[in-house]
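**Q** If you scroll down you'll find the structure; I have some questions about it.
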Amino acid sequence: MRVLPVVLAGGYSDKVAPLNNEKAMLRVAGRRVFEYQLHNVLSTFGRAVLVTNRPVETRDGVVNIVQKRQGIEGAVLAGLEHVGDHTHVLVVFSDIITAGNPYPMLVERAIASNADGSILVAPLGSSETYSTVAMDEVGKAVSIGAGASTMVFLGAALLPITAAQRVEEERFMSIIGGMASSGRLAAAIYPDDWVEVEYPWDLLSAAEMVLGRMDGAVVDRRAAISPTAVIEGPVYVGPNATIDHYAVVKGPAYIGEGAFVGAHAFVRNYADLERGAFIAGAVEVTHSLIDEGATVGRGSYVSYSVVGEGAVLEPGTVTKSMPAERRERLRPIYVGRRRVYKLGAIIGPSYRVPAGTVLSPGATLR
Amino acid sequence: MCGIFGIAYRTEAPLALGPVLRRALERLEYRGYDSVGVAVMTSANSESVQVYKDVGKVSEVVGKYSIDSLRGVAGVAHTRWATHGRPSKENAHPHVDCTGAVAVVHNGIIQNYAELRERLAAAGHTFRSETDTEVIPHLIEEYMKALPPWEAFREAIGQLRGAFAIVALIASEPHTLYFARRLSPLVVGVAEESAVVASDLPTVLDHTRRVIVLHDDEYGYTAPGEVHVERGGAPVDLASRVVEISWTADMASKEGYPHYMLKEIHEQPMALAGTLSGLDWDTLRAAAEALHNARHVYIVAAGTSLHAGHVMALGLARLGVKATPIVASEVHSVVGAVGEGDLGVAISQSGETIDTLVAVRALRGAGARVMAITNVVGSSVARESDIVIYTRAGPEVAVAATKTFTTQVLVVNALLHALAEAVGNGDIAHVGDNMQRVPHMVSRVLQLTEGPIRELSRAVAGRASAYYLGRGLGLPVAMEGALKLKEVAYIHAEAYPAGESKHGPIALVADGFPVIFVFLDREVEKALMGNVMEMRARDATTIGLIPPGASHLAELFDSYVEVPYLDPYNNVILYVVPLQLLAYYAAVHRGYDPDKPRNLAKTVTVE
């Protein structure tokens, strides 16, 4: 079995509005969304084909191909241009971020069950928009998108090249559905956490998952940390980041390259400050993503919010974070016996929020 | 409670021994994993063995000492679970003599080690560890001053008191392994090009399918194509002892599952189907007759197996047979009442659980006959029992028992069915008809419950404690669920008969305390509903496993999971599966490795 991994990072989505509609290019904890699965694939196979809308900078072992036809089928087709002497293709939807690396399991499962290929599945409480996968007594997938099951397709499929090539004339999901119903696909169960980035607030869940797995603190030697600042818990502080006097950082938190945290600011758990983010004095940030070059003005309070690239919250902006509309898309937090869902504001790239604004839960500004 | 392995090749030229030893260590890791070590004869004419050992998991120690790259003609390997001496590099096995020419791996306890150690130290031997094991190589060294290796080994073994399985490698005989067994399991593989000895079958099966399972007090040596065993100074005839094993060692690898525990949970439909098709109804009918004729039945088991024992006791009571389930290590409390005409039932997955084995001997000593239910052919408990019923679940590697429990219950149900037919009880007879549907139903349970259970596991994972409550046959299921949660997720969990919960345990229940109810028997539904209300009144987080479509039950709970329903006896199997999953996902969510719970070993072979 020689596997050609194809990471799908192209396509456009309106659901992430007002953020950049190329969702694979959005950032979480210093990486673009697609880089998480690309990293897993590279550490498993040492090589990958990366399919994108436009050329992107890549690293060793990665061949970047620009997708000509839209859809999963177009992307798989683009990846197959590099088929060479590979026997199998591993199709990876890069908008699903997994806490661990599922690909060695996926390959082992196909081999152990003597199947033509395998798909990644995960147990899910309510299947909603996901395709359910029914399995038989020996753990093979028998149907996809039909039948009572609480297992769902988790966006990775290992297929023989010949099967993948049928995307010329057949839908991708229909190809794997057909293989499943003829007993040719094994199902590998992924038990750990994962987040699909579909809506803007999914970035908050992804940041929570990624930051929640940090163990220990990394402070780049080029970072400037004031002697009166306090840093506590797992945290990453990138090169040339500044943490000014009397600022308090309570991890898990990510403070990217060149980011600035002003005097008396309070950066709380699950704050994700991307490269060049500017947090002015006396700001409190928690469970929020402040994207590249965004500014949070003096005295603001930002919780459960996404502040898009280059956006500006003028001084005194306050986000309110409960209750949330569309809360079924959020990960619940347990408070006593109750599940609590929170959502602050989603602020589009380069948007400017006037000083003193109080933003309602779920406000979307563009 | 350790894993031991030895291999010696016919060849004079060193082979790639490292990967073979690593593979054996990985297989044996379930038997103990606080430290790991190997000893290697790098060539046929070396004067000493090379030892590499340290504290840690197999992967850590293998990586640290590049064990994969070792070459040689013979080697021994060991995974340790500390009994004498804390886990440390010095205390890890193999242990060597003063000259480094004798390497020994050992599982068990040498009771007279202190006295031997004093004697050997006085004779000038230098000890490097705190272990009981280290006396063995020095003892062999001492006797080798006057005797050839085999005689010296035999003399040394004769000095040992206690429980042991031992493999020794002696530099002057590079193609030979010396071994001895008393109470701790040991298996010898029969092959032409290599000699193999290990604590369990799967490890030997990597090398040969023809094996000899050693009996207590047997010792001997093996070289490629040759096995010599003695007992009490006389050679043992091995012709009838060689067994061909049909299942493959490959069944003991993870096959693309993230953990053995999840793999084994998902293997249950096939394991149950295997058990079902392997049921020998003649044996079951004979066993049912023995149960029927018994004056009193004592069911002895430990841990998960005891929960299968509780199912059996409840079923027997319903069929008019007096039965008492007893924790095996407590058998001495009742043995005074045991006599001829009584029947002991020993349930043990491995058949090597020392507490159960000791209980079997006590019951037999008091005059009872004994029936065994075990998963391992030729195991000690099986050999020492009058009637043996095998569960045929295949090897189970995860420390937490899953498929071996459900197959035990299936066997128990088959026994109850056979007995019900014999005594003409219609209530339980239909259990036998439903049994055929169990494998498929378990597959459905997995599909329907794994998603919601994973979600529920997050609520439980954040809690310090949980209660599992049930009535009747729901109680053993609750007990098993609580045990699983403790074992792998390290969450304090207790099971109670639901009616008992208000006689004390309910005092702990406050806002958000998780209480899991098992509704698998419609007969006790009303009473159990009352218990749910009591817990709700204390603001507990109530979670129910309930039959499908039972809306009057669903509305009682904060969360519920519908589980397919057959009959109370077969439901024990169906309803325990979601609780296995709950423990597994809670462990994963808390970041623990469910396959290797701290402080536990798969098979408890020391008292």
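**Q** Quick check: convex hull over the Cα atoms of segment A:202-365, volume per residue in Å³, rounded to an integer?
**A** So the per-residue Cα hull volume is 95 Å³.
**Q** Taking +1 at the Cβ of each Lys and Arg and -1 at the Cβ of each Asp and Glu, which of B:Val358, B:Leu262, A:Gly155 sits farthest along the dipole of the protein assembly as shown towards its positive end, judged by Cα position relative to the Cα centre?
**A** A:Gly155
**Q** Mean projection of the alpha-carbon convex hull of segment A:178-235 over all orientations, in nm²?
**A** 7.7
**Q** So for A:Phe153, B:Phe5, fewest C-beta neighbours within 10 Å to most, what's the order?
**A** Ranking A:Phe153, B:Phe5 by Cβ neighbours within 10 Å, fewest first, gives A:Phe153, B:Phe5.
**Q** P(r) for segment B:254-436, please, calculated from all Cα pair distances in 5 Å bins and given in %.
**A** Result, from short to long distances: 1, 9, 18, 22, 21, 15, 9, 4, 1, 0, 0 percent.
**Q** For B:450-463, what's the mean count of beta carbons from other chains sitting within 10 Å of each residue's beta carbon?
**A** That average works out to 4.
**Q** If you bin the C-alpha pair distances of the protein assembly as shown every 20 Å from 0, what whole percents do you get?
**A** Answer for the protein assembly as shown: a P(r) of 13, 37, 35, 14, 1 percent.
**Q** To continue, here is another question. Hey, fewest Cβ within 10 Å first, where do A:Thr58, B:Thr449 land in order?
**A** A:Thr58, B:Thr449
**Q** Starting from the Cα of B:Lys596, draw a straight line to each of the lysines and keep only those under 21 Å, dropping any in the same chain fewer than 8 residues away.
**A** Within the straight-line limit of under 21 Å, B:Lys596 reaches these lysines: B:Lys53, B:Lys57, B:Lys64, B:Lys89, B:Lys254, B:Lys263, B:Lys403, B:Lys484, B:Lys486.
**Q** Sticking with this structure for a sec: Considering only B:Ile428, B:Val577, B:Leu284, whose Cα is most displaced toward the positive end of the charge dipole of chain B, charges sitting on Cβ of Lys, Arg (+1) and Asp, Glu (-1)?
**A** Towards the positive end, the residue furthest out is B:Val577.
**Q** Taking only C-alpha pairs under 8 Å that are 6+ residues apart, what is the relative contact order of segment B:254-436 in percent?
**A** So the answer I get is 26 percent.
**Q** Hey, if you drop one equal point scatterer on each alpha-carbon of segment B:3-252 and run the Debye formula without solvent, what base-10 log of I(q)/I(0) do you get at q = 0.12, 0.14, 0.15 Å⁻¹?
**A** One equal scatterer on each Cα of segment B:3-252 leads to -0.60, -0.84, -0.98.
**Q** What residues have an amide H closer than 5 Å to that of A:Gly145, excluding those fewer than 5 places away on the same chain, when H is modeled at 1.01 Å from N in the peptide plane?
**A** Close amide H contacts, sequence-distant or interchain: A:Thr132, A:Val133, A:Ala134.
**Q** Bins of 20 Å, beginning at zero and ending with the bin holding the largest distance: percent of Cα pairs per bin for chain B, please.
**A** The percentages, shortest bin first, are 20, 49, 27, 4, 0.
**Q** Taking only C-alpha pairs under 8 Å that are 6+ residues apart, what is the relative contact order of chain B in percent?
**A** Relative contact order for chain B comes out at 11 percent.
**Q** While we're on this one: Averaging sequence separations of C-alpha pairs under 8 Å and six or more residues apart, then dividing by the length of segment A:3-196, give the relative contact order as a whole percent.
**A** Normalised by residue count, the contact order of segment A:3-196 is 23 percent.
**Q** Could you name the lysines whose alpha carbon sits less than 29 Å from that of A:Lys250, not counting residues in the same chain fewer than 8 places away?
**A** Straight-line reach from A:Lys250, under 29 Å: A:Lys23, A:Lys320, A:Lys342.
**Q** Under the Kirkwood approximation for Rh and a Cα-based Rg, what ratio Rg/Rh is obtained for segment A:3-196?
**A** Rounded to two decimals, Rg/Rh equals 0.94.
**Q** Compute the orientation-averaged projected area for segment B:74-183 from the convex hull of its Cα atoms and round it to one decimal in nm².
**A** 6.2
**Q** Using only the Cα atoms of segment A:42-87, each taken as one equal point scatterer with no solvent, compute I(q) by the Debye sum, divide by I(0), and report log10 of the ratio at q = 0.15, 0.17, 0.29, 0.30 Å⁻¹.
**A** For the requested q values the scattering log ratios are -0.38, -0.49, -1.12, -1.14.
**Q** Computed over the Cα atoms of segment B:330-477, what is the convex hull's projected area averaged over all directions, in nm²?
**A** Mean shadow area of the hull around the Cα atoms is 11.7 nm².
**Q** Which residues' amide hydrogens lie under 5 Å from the amide hydrogen of A:Gly117, considering only partners 5 or more residues apart or on another chain, with H built in the peptide plane?
**A** When sequence neighbours closer than 5 places are left aside, the close amide H contacts are A:Ala186.
**Q** A further question follows. Sort A:Tyr199, B:Tyr260 so that the residue with the fewest other Cβ atoms within 10 Å of its own Cβ comes first and the one with the most comes last.
**A** Lowest count first: A:Tyr199, B:Tyr260.
**Q** To the nearest 500 deg cm²/dmol, what mean residue ellipticity at 222 nm is calculated for chain A from DSSP H runs of n ≥ 4 alone, each contributing -39,500 (n - 2.57), summed and divided by the residues?
**A** Helix contribution divided over all residues of chain A: -4500 deg cm²/dmol.
**Q** Ratio of Rg to Rh for chain A, alpha carbon only, Kirkwood?
**A** Here Rg/Rh amounts to 1.01.
**Q** Here is a follow-up. Taking amide H positions as placed 1.01 Å from N in the peptide plane, with prolines and chain starts having none, which residues 5 or more places from A:Thr295, or on another chain, fall under 5 Å of its amide H?
**A** The answer is A:Phe278, A:Ala311, A:Val312, A:Leu313.
**Q** Which Cα, out of A:Ile347, B:Ala540, B:Leu28, lies furthest along the positive dipole direction of the protein assembly as shown (beta carbon charges, K/R +1, D/E -1)?
**A** So the residue furthest toward the plus end is A:Ile347.
All of the numbers you see were taken from the coordinates with simple rules; none came from a lab. What you are looking at is a predicted structure, and each value in this text was computed from that prediction instead of being measured. Quick reminder, even Gly has a Cβ in these numbers, built from the backbone with ideal geometry, and neighbours come from all protein chains shown.
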